[in-house]
Amino acid sequence: EPAKQAWLSALENLPNYRLVIFTTTEPTHFDLVWRSRCKLVTLKPLAPETIRCALSAASSRPLPICVLDDLTMTAQGNLRAAYHVLEQHLITASPEDDAVQQNVAEITEQRMEDKTIPKSQLPANRKT
């Protein structure tokens, strides 16, 4: 509470030539007093390719494209969420798990090409 009051005081006494930027994905977590002193700027979600590239660069090990695609889709354009799901994936999935997931994706794609399974039976993130 004291820190919040100190920030509020600083915001109220801020010179016109100064700007403080707070970023959040949860603006409702700021109480009404704070929000009344802020201008809300809504940003568009990042493009999937941007998220995919960021995840690939941040990963401590190479990830199959199907894994990157799944993580990208889960993040829904939010880079913070993307890094969070990447971290969770790296903690819980081994490189062998990634290889299995890649094999499943390849088999699914092959069956789709061979028309042995209809598109309607594919997982939602594997439809083309």
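None of the figures in this text is laboratory data; all of them are computed from the coordinates on show. Since we're looking at a predicted model, the values are computed, not measured. Neighbour counts run over all protein chains shown; Cβ positions are idealised from the backbone, glycine included.
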Quick numbers on region 38-79, Rg and Dmax over C-alpha atoms in Å, give 12.2, 42
Roughly what would the spin-label model give for K44 and S60, points 7 Å off Cα along C-beta, in nm?
-> 3.5 nm
Whole-Hz ³J(HN,Hα) from phi, Karplus 6.51 cos²θ - 1.76 cosθ + 1.60, for region 46-57, glycine and proline x = 6, 5, x, 5, 5, 5, 4, 5, 5, 5, 4, 5
Taking the Cα-to-Cβ direction at R18 and at H84 and moving 7 Å from each Cα, how far apart do the two end points lie in nm?
-> 3.1 nm
Region 72-80 - phi-based ³J(HN,Hα) in whole Hz, Karplus 6.51/-1.76/1.60, Gly and Pro as x | 4, 5, 5, 6, 6, x, 9, 5, 4
q = 0.12, 0.20 Å⁻¹: log10 I(q)/I(0) that the Debye formula gives for region 9-107, counting C-alpha atoms only = -0.55, -0.96
